[in-house]
Each structure stands twice: as C-alpha cells, then as structure tokens.
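Okay, structure first, notes after.
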Amino acid sequence: MSIIRENLGGLLPFMLFFALAHLFKAARFYLVLLEQDIPLKRYLFLYARTTLVNLLVPFKLGEIYRVAAVYHEAEDDNKAQRLPKSILSVCVDRFFDTAALLAIIIPFSLIYGGSIEFVPLILFLALFIFALVYLSIPKSYLYLNEYIIMYRQSKRSVSLLKWLEVIKEWYEFTHGLIKGRAPMITIASFLGWGAEFMALRSFFGILGKSFAIEDFSRYINSLLSTVHYSMARAYNSLGTAIFALVTLGLFIMLMAETSGQKGRKNAADPDRI
C-alpha cells in the first residue's frame, strides 16, 4: 500500500490516457456506424454497455452482445438485413482495431523477442484471410456471374446466382462502412491503442511496476487466451468499475430525457388519456 501511495501521482495520467483510449475507440466505431443514424447519446450508451460486457466476458465473446446492441439500435426497415449488417459493422470495427494492434505488436515482438507469439500469429492469419476474401469478391462475382449465365442453366445455378447477389450486397454494404472514412478509422485505431498502452503504463507505475512492449503483448495474450496475468486482471477490474459507473450514468440520463419528452408531449396534449 505504501508503494501505491508513493505513486498516486500517476493516477491523473492513467485517467487521462484511459479516457483518451476509449474516446478514440468510440470515435472509430461511431465512424463505422455513421450511416446508421444512431443519436449520439444513445450511441455513447451503446458503446459503454457493450464495452462493460466485453470486460466482464472472457475471450472477447462480448462482441456477440455488441452485434445484438447494434441490431437493436440500427435504423433499417428491412429486418432481414439488420442482422448481417450488424455483424458486418462489428467485424469491420474489429478488423481495424486488430490490424492496428498487430502493426504495433508484431514488429516489436520480432525486434525484441525474435519471434511472434501464438495469439498474434492467429490474429494475423485471420485478418489476412478476411482481407483476401474481401478484395477478391468484386472480380470473383463478375467472373462467376458471367460463367453461370453463359454456361449453366439449372435450378442450382439460379440459386447460386441469388447467393452471389447476396454476397455482392454484403460486400457493397461493407465497402460503404469505410468508404471515405478508412484513413480516419485507421488513425483512431492507432491512437486508441497508443493511449491504451500509456494507460497501462501509468497503471503499472501506480503499483510500482515497470511496463514495456513485452508486457503489452502479454496483456493482449491474456485477453484472448486462458493465460493468467494478475496485472491484466487488476487493470480490467478497474476498467469494469469505471464503465459500470459510466453506463449507469448514461442510462439514468437517457431515462430522464425520455421521461421529460413524455411529460412535454402529455402537456402539449391535455386530452390524451
């Protein structure tokens, strides 16, 4: 405890970098969801509660809840399209987030450790496959569409053409999520992880411990695997407490706003029962 008291000067930098990290991450996801027309206050509540769930649930399985939250908030009249669009929105956010993280971790791991750990390697392969599939869709669609129309005439071919149209629609939606915004989303991703690194470094400093890129890599591994890391657990516990308070505050604010709107509506219509 005496070590913590001696290093309490690091509390302000920790709070600053922690807030900046999530400000940049929230801004990135907001850019991805820009065309969903989610009101800012409702979006902040969405980000806060989904981040809270992600901190509570291991292995990033909280992203499933994030998909459900986006599905609930999305302004799409076609309910059949809301689920795949919600999934794609979260996947695009995760892609840029993970790509920025790997761009930081992998070079340092190779320079200082001489090798890449298992989790970053798996993430890199997953991103590579995702990007390869995404980039190959336009030309693959044109080729397969032309080939089936010219050389295949059967019920199965018609079904395949329908699926090609669905895949093309998903591709166009995904492309629309980042069109004109990819540089800003990328910058927000790098700034978010940079601020997270500094928040972790400040947190370790409060506890009288040093923090380097190797510790950052270890922290990331502990989030995505069963590897136990007590410092990561302590940091996430503090983050959970902070986001529980933020989520509660935003919930109360939204409820008060909703009640006020209902009150004004009833006042404007006194005959309403």
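Values in this text are rule-based calculations from the coordinates and carry no lab data. Because the structure is a prediction, the values reported are computed rather than measured. Here the Cβ is made from the backbone with ideal geometry for all residues, glycine too, and neighbour counts use every protein chain on show.
Observations on the structure shown:
- In a reduced charge model with +1 at each Lys and Arg Cβ and -1 at each Asp and Glu Cβ, the chain shows a dipole moment near 340 debye about its Cα centre.
- The residue list Gly239, Leu52, Leu11 was ranked by how far each Cα lies along the charge dipole of the chain toward its positive end, using unit charges on Cβ atoms, and Leu52 comes out on top.
- Alpha carbon convex hull of region 2-265, projected area averaged over orientations, nm²: 18.8
- 26 Å Cα-Cα threshold exceeded, pairs from Lys41/Lys79; Lys85/Lys162; Lys25/Lys162: Lys25/Lys162
- Packing around the peptides 244-251, 60-67, 162-169, 98-105, taken as the average count of other Cβ atoms within 10 Å per residue, puts them in this order, highest first: 98-105, 60-67, 244-251, 162-169.
- For Asp97, net neighbour charge (Lys/Arg +1, Asp/Glu -1) across residues whose Cβ lies under 15 Å away: +3
- Compared with the alpha-carbon gap, the fully stretched path from Gln81 to Ile111 is longer by 6.3 nm at 0.36 nm per residue.
- Listed peptides 29-35, 121-127, 135-141 appear in the order 29-35, 121-127, 135-141 once ranked by packing, highest mean of other Cβ atoms within 10 Å at the front.
- Each of Glu257 and Val133 was given a label point 7 Å from its Cα along the Cα-to-Cβ line. The distance between the two points is 3.6 nm.
- Separation of region 30-55 from region 145-197 is 22 Å, based on Cα centroids.
- Placing a label point 7 Å from the Cα of Leu224 along the Cα-to-Cβ direction, the residues of region 22-63 whose backbone N falls under 13 Å from that point are 59-61.
- In sequence order, region 143-157 has phi-based couplings of 5, 5, 4, 5, 5, 5, 5, 7, 10, 10, 9, 8, 4, 5, 5 Hz under the Karplus curve 6.51 cos²θ - 1.76 cosθ + 1.60, θ = phi - 60°, and Gly or Pro positions carry x.
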